[in-house]
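Peer 1: Once you've had a glance at the structure underneath, I'll fire off some questions.
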Amino acid sequence: MPVRVLIAVVTILFVCCLLFAAGTVKAIKRGRRRREVGHRLAVAAAQAEAKDEQRKAAEQASGALTSVMPTIHDVDTRLVGQPANRQDGASSR
């Protein structure tokens, strides 16, 4: 009788150790995944910041260019049926 009880106790302890080891392995994997995700997030944030800086630099360059050269919206539009006027006021036709 005591041998059967001893075998049952050892079996229960073995199962408990296996469950504890499985939980530990799962926690280690979860921690590794979180570190990898954190690293990928940091890289993506750095890329987004670099892209934003490039966009802002291009916007500033565009603003500097249009301050010297007028945009198409600054010129009066003309109808297709009307001839374009030259600088001396005469018609181009």
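Peer 1: Assess whether Thr71 counts as being of a type in the set (S, T, N, Q), out of contact with any Pro (no Cβ under 7 Å at 6 or more places or on another chain), at pLDDT 90 or above and open to solvent by less than 80 Å² (accessible area, probe 1.4 Å).
Peer 2: So Thr71 does not fit the description; no.
Peer 1: I would also like to ask the following. Is it true that some residue in segment 1-9 is modelled with pLDDT of 65 or more, in a helix (DSSP H, G or I), of a type outside the set (A, V, I, L, M) and surrounded by 10 or more Cβ atoms within 10 Å (Cβ to Cβ)?
Peer 2: Within segment 1-9 (the criterion being modelled with pLDDT of 65 or more, in a helix (DSSP H, G or I), of a type outside the set (A, V, I, L, M) and surrounded by 10 or more Cβ atoms within 10 Å (Cβ to Cβ)), the answer is no, since none of the residues qualifies.
Peer 1: Ile28: out of contact with any Leu (no Cβ under 9 Å at 6 or more places or on another chain), of a type outside the set (S, T, N, Q) and open to solvent by less than 100 Å² (accessible area, probe 1.4 Å), yes or no?
Peer 2: Working: out of contact with any Leu (no Cβ under 9 Å at 6 or more places or on another chain): yes; of a type outside the set (S, T, N, Q): yes; open to solvent by less than 100 Å² (accessible area, probe 1.4 Å): yes.
Yes.
Peer 1: Here's a follow-up. Could you figure out which of (1) part of a helix (DSSP H, G or I); (2) modelled with pLDDT under 65 isn't true of Gln87?
Peer 2: (1)
The values are calculated or read from the model by the stated rules, or taken from the named source; none is laboratory data. Please read these numbers as outputs of a predicted model, since none were measured by experiment. Neighbour counts run over all protein chains shown; Cβ positions are idealised from the backbone, glycine included. Side chains included, ligands, DNA and RNA excluded: accessible areas come from the protein's heavy atoms. Shrake-Rupley method; radii C 1.70, N 1.55, O 1.52, S 1.80 Å.
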